[in-house]
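Let me begin by presenting the structure, written as structure tokens, before commenting on it.
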Amino acid sequence: MADAPVLVTERLRLRWLDQRDLPRFCELAGAPEVFETTLHVPSPYTIAHAREFMEHQRRAWERGQAYLVAIAMRESDEVIGAIGLELRRAMDRGELGFWVGVPYWNRGYATEAAGAVLGFGFEHLRLNRIWAGHFAGNEASGRVQQKLGMKFEGVLRQALKKGNTYHDDVVHAVLREEFEPKIKWEIEQL
Ligand SMILES: CC(C)(COP(=O)(O)OP(=O)(O)OC[C@H]1O[C@@H](n2cnc3c(N)ncnc32)[C@H](O)[C@@H]1OP(=O)(O)O)[C@@H](O)C(=O)NCCC(=O)NCCS
């Protein structure tokens, strides 16, 4: 099985995590602000977690279960976050998830990365529907999804449990037939 494609945007490169990224990746993933509004980012975030994620990226791609990549700066190659699509092949459906390290917030990076991943999901993975859920109150995540044309579909009441607390799950989605690309991206040719 070939490596997962590397997606390139104006400022970013979406690629598998590499051994050399691990310390910085742990530092960024380990921020309380990232832990608070995600379900699958452990805290504290150790090198072992990052290695596990690295292996999971490769295994999940090989099995056709997910496209999971690190978000890196295109010029410096420094890693700033992670993004991915969990695939439900039988339904031609993908679930989008992402996080960006706190020092890089509010510069449009999540929107740029997610726009590329949506395009890749529809054009290359031939998905029909891409959806995302976020904790009620996580306005930044909702904003990213809306900026990319994902439509608000509803609130799944107390569908999420984090620790001992239930949270409402706010769902947005976009269908292939209505998708309008907002972000320029391409697959890196080696
Ligand atoms: C959600 C997250 C990925 C956004 O990353 P980012 O790179 O800062 O996103 P962008 O800069 O592309 O866009 C953020 C948008 O949210 C807006 N925003 C930020 N904080 C906000 C708030 N508290 N209320 C409303 N809007 C907010 C920004 O103004 C921006 O919108 P704009 O371009 O219209 O001004 C980042 O905050 C993060 O990683 N959070 C922790 C993990 C997480 O929640 N992941 C999503 C799980 S579903």
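Taken together, the values in this text are just the output of simple stated rules run on the coordinates, not laboratory data. Only a predicted model underlies this, so the values are computations on that prediction, with no experimental measurement involved. With ideal geometry, Cβ positions are generated from the backbone for all residues, glycine too; neighbour counts draw on all protein chains shown.
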Gap separating the Cα centres of the stretch 87-114 and the stretch 134-176, nearest whole Å
13 Å
Which of ASP92, ASP21 comes first, and how do the rest follow, when ranked by fewest Cβ neighbours within 10 Å?
ASP92, ASP21
Of the lysine pairs in the chain, how many meet both conditions: Cα atoms under 21 Å apart, and a spacing of 8 or more in sequence or different chains?
4
HN-Hα couplings for the stretch 97-106 via Karplus (6.51, -1.76, 1.60; θ = phi - 60°), in whole Hz with x for Gly/Pro, come out as x, 6, 8, 10, x, 3, x, 10, 5, 6
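Using the per-residue mean of other Cβ atoms lying within 10 Å as a proxy for protection, in what order, highest first, do the peptides 24-33, 171-180 fall? If you can, show how the numbers build up before the last one.
Working: 24-33: 17.1, 171-180: 15.4.
Output ranking for 24-33, 171-180: 24-33, 171-180.
Let me have the relative contact order for the stretch 107-190, percent, based on Cα pairs under 8 Å that are six or more residues apart.
Values: 111 pairs, mean separation 28.7, N = 84.
Normalised by residue count, the contact order of the stretch 107-190 is 34 percent.
Would you tally the net charge around GLU86, using a Cβ to Cβ cut-off of less than 11 Å, leaving GLU86 out, and scoring K and R as +1, D and E as -1?
On the way: positive: ARG88, ARG89, ARG93; negative: GLU95.
Once positives and negatives cancel, what remains is +2.
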Explain nothing, just compute: Karplus ³J(HN,Hα) = 6.51 cos²θ - 1.76 cosθ + 1.60, θ = phi - 60°, for every residue of the stretch 168-181 in order, whole Hz, x for Gly and Pro.
6, 10, 8, 10, 10, 8, 9, 9, 4, 5, 10, 5, 10, x
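Using 0.36 nm per residue, how much length does the chain from LYS161 to ARG20 gain when fully extended, once their Cα-Cα distance is taken away? Before the final figure, lay out each step's value.
Working: separation 141, 0.36 × 141 = 50.76 nm, distance 3.35 nm.
Length difference between fully extended and current span is 47.4 nm.
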At 7 Å along Cα-to-Cβ for each site, give me the label-to-label distance between GLU180 and GLU153 in nm.
2.1 nm
Grab the Cα-Cα distance for SER76 and VAL6, subtract it from 0.36 nm times how many residues apart they are, and report the gain in nm with one decimal.
23.6 nm
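Give the order of TYR104, TYR166, TYR45 when sorted by the count of other beta carbons within 10 angstrom, beginning with the fewest. Spell out each step's value before the answer.
Details: TYR104 16, TYR166 12, TYR45 19.
Ascending number of Cβ neighbours within 10 Å: TYR166, TYR104, TYR45.
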